[in-house]
Structure formats: C-alpha cells, structure tokens
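Trainee: Here it is, the structure, as structure tokens.
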Amino acid sequence: MGRMIDFKRPDGGSSKGYLAEAGRGRPAVVVIQEWWGLNDQICGVADRFARAGYNALAPDLYKGRVTAVADEANHLMEGLNFADATHQDLRGATQHLTAMGGKVAVMGFCMGGALTVAAAVHVPEMAAGVCFYGIPPKDFADPARIAKPLQGHFANLDDWCTPAAVNDLQAAMTKAGQKPDIHRYDAKHAFFNELSEDAYHIPSAKAAWQRMTAFLAKHL
C-alpha cells in the first residue's frame, strides 16, 4: 500500500499525491486520475504498478475533492486549470520520481488520458506516455509536437473520445513522422475501470495492461 506525500512543483509550490514505491532506482510512472478525482480505484492502479516493479505517483489534481456523481465530476473537470496541472503538478510529479532514480512515464485515464498527451508535449522529463481514452484540444497540446514514445488505448464504443478523434490523433502524429502505438478495443469508454459496472471489460483491460507493461519495459 502507498501513502500520501507532498511533492514540489516547478513554481516552488507543493502538491499532494499518492505514492506507491517499488524501491529506489526503479523505473516509475505518473498515474493521472479520471474526472472522479484521486479515488481508491486510481490509488489501486498505483499500487498495481508498484507490485509490477514501478514507483508510481498519482497527483491529487482536485486538491482532496472526490466524487462518484457524473455531474459533479464534470463540474470539477471543467474547473481544473489544465495548463497549471500539466506544467506544475504533472511536471513536478515527474521530477519527484526522476529524483528517486530511473526513467519516468506518464499515463492516465479519460481526463488523465488527455493530460497524458498534454504532458507528452509539455513535460520534457518524461520518457514515454500511455493514454487511455482521452485527447486534449489541439490548441493546448498539438499531437504533431509529441517527441516521446506514445501508446494509446481507445474504445470503439466511445462517444466522448470518439474513434474519429483517435483517427485525427494518429494521423497528426504519423504525418509528423512519429509512430504512435495505437490500440482499439470493442468496448466502452472507461473499459479499464474495474469499478464501472457498465463499462469494465475484462478481456480489453487485460490486453491493455499486458500491452502497456511491455511498452513501459521497452522505453523505461
């Protein structure tokens, strides 16, 4: 089990996050929450990474606020300063893990997936990114500017991060000379979240975890 810590932001401030440790010198992963906040499910993902041999830090982007109500989650997400979260919280978390030794990847789900793509553009310290069903606005994070290895896991039955949006992401990166590792699943949005009775899809989640850990082993 991990613990809550304070970590430094590049601007000199501090943020909180859930840290699950595998040991100094180990590769590491920044785990970015869904729109629900830093809940038990996201902390569980960090713990799972630690059991797999990765130090994992999940920043608390909502500063302690957590919800299970979609309308409230949408309100919290809309109130989040995405630029501040990317340049300060996510970069600070990446720098904190870098100081523990080993390369650092950034990954996230839904809102966290979009922030993963943003981090791949704006956080120079990260070595790789893994995005689950989330894409940010192009004017904030143009995928053509991504210079890091990026793996993406997307749902074919997703009406938020749609297959058309995934096509655009892949096309922009390919046109820029990149080789995104994109995987698509016949599942719904949030198929990796085991607490989602409606969306959780075991075969897709299992395949995505296996592909992600192989990708991280290659790039970290």
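Bear in mind that the values in this text are calculations on the coordinates, not laboratory data. Bear in mind the structure is a predicted one, so any value in this text is a computation, not a measurement. With ideal geometry, Cβ positions are generated from the backbone for all residues, glycine too; neighbour counts draw on all protein chains shown.
Trainee: Looking at 166, 121, can you tell me which residue is under 22 Å from residue 74 (Cβ atoms), of a type in the set (Val, Ile, Thr), touching a residue at least 24 places away in the same chain (Cβ under 8 Å) and not in a strand (DSSP E or B)? First the steps, then the outcome.
Mentor: On the way: 121 fails: under 22 Å from residue 74 (Cβ atoms).
Only one candidate qualifies: 166.
Trainee: Moving to a separate point now. From (1) out of contact with any strand residue (DSSP E or B) (no Cβ under 8 Å at 6 or more places or on another chain); (2) over 25 Å from residue 146 (Cβ atoms); (3) among the hydrophobic types (A, V, I, L, M, F, W, C), pick out the condition that doesn't hold for residue 38.
Mentor: (1)
Trainee: Still on this structure, I have one more. Being without any contact (Cβ under 8 Å) to a residue 40 or more places away in the chain and more than 22 Å from residue 195 (Cα to Cα) is the filter; apply it to the range 22-41 and report the residue that is surrounded by the most Cβ atoms within 10 Å (Cβ to Cβ).
Mentor: 22
Trainee: Could you tell me whether residue 130 is surrounded by fewer than 24 Cβ atoms within 10 Å (Cβ to Cβ) and hydrophobic (A, V, I, L, M, F, W, C)? Working first, answer last.
Mentor: Values: surrounded by fewer than 24 Cβ atoms within 10 Å (Cβ to Cβ): no; hydrophobic (A, V, I, L, M, F, W, C): yes.
No.
Trainee: Shifting gears a bit: Out of all the residues in the range 54-84, which are touching a strand residue (DSSP E or B) at 6+ places or on another chain (Cβ under 8 Å) and either surrounded by 15 or more Cβ atoms within 10 Å (Cβ to Cβ) or closer than 15 Å to residue 119 by Cβ (or both)? Please lay out each step first, then the result.
Mentor: Going through the range 54-84, the residues touching a strand residue (DSSP E or B) at 6+ places or on another chain (Cβ under 8 Å) turn out to be 54-61, 63-64.
Matches in the range 54-84: 54, 55, 56, 57, 58, 59, 60, 61.
Trainee: Residues 129, 102: which one is free of Cβ contacts under 8 Å to residues at least 60 places away in the same chain and not in a helix (DSSP H, G or I)? Can you show your working first?
Mentor: On the way: 102 fails: free of Cβ contacts under 8 Å to residues at least 60 places away in the same chain.
Of the residues listed, the single one that is free of Cβ contacts under 8 Å to residues at least 60 places away in the same chain and not in a helix (DSSP H, G or I) is 129.
Trainee: Please specify each residue of the range 55-88 satisfying the condition of being farther than 25 Å from residue 138 by Cα, in contact with a helix residue (DSSP H, G or I) (Cβ under 8 Å, 6 or more places away or on another chain) and among the hydrophobic types (A, V, I, L, M, F, W, C).
Mentor: Those that are farther than 25 Å from residue 138 by Cα, in contact with a helix residue (DSSP H, G or I) (Cβ under 8 Å, 6 or more places away or on another chain) and among the hydrophobic types (A, V, I, L, M, F, W, C): 56, 57.
Trainee: Would you tally the residues in the range 159-203 being of a type in the set (Lys, Arg) and farther than 24 Å from residue 139 by Cα? Talk me through it step by step, then tell me what you get.
Mentor: Filtering the range 159-203 for residues of a type in the set (Lys, Arg) gives 175, 179, 184, 188.
Okay, now just the ones that are also farther than 24 Å from residue 139 by Cα, so 184, 188.
So the count comes out to 2.
Trainee: Moving to a separate point now. Name the residues in the range 124-148 that are aliphatic (A, V, I, L, M) and farther than 19 Å from residue 172 by Cβ, would you? Let's see the steps before the verdict.
Mentor: Going through the range 124-148, the residues aliphatic (A, V, I, L, M) turn out to be 126-128, 130, 135, 141, 144, 146-147.
Answer for the range 124-148, where residues must be aliphatic (A, V, I, L, M) and farther than 19 Å from residue 172 by Cβ: 126, 127.
Trainee: Could you please give the count of residues in the range 144-163 that are under 23 Å from residue 209 (Cα atoms) and not in a loop (DSSP other than H, G, I, E, B)?
Mentor: Number of matching residues: 9.
Trainee: Something else: Could you look through the range 132-143, keep only residues that are hydrophobic (A, V, I, L, M, F, W, C) and not in a strand (DSSP E or B), and pick out the one that is farthest from residue 205 (Cα to Cα)? Can you show your working first?
Mentor: Filtering the range 132-143 for residues hydrophobic (A, V, I, L, M, F, W, C) gives 132, 135, 140-141.
Of the ones still in play, those that are also not in a strand (DSSP E or B) are 135, 140-141.
Details: 135: 19, 140: 29, 141: 27 Å.
Once the filter is applied, the top-ranked residue is 140.
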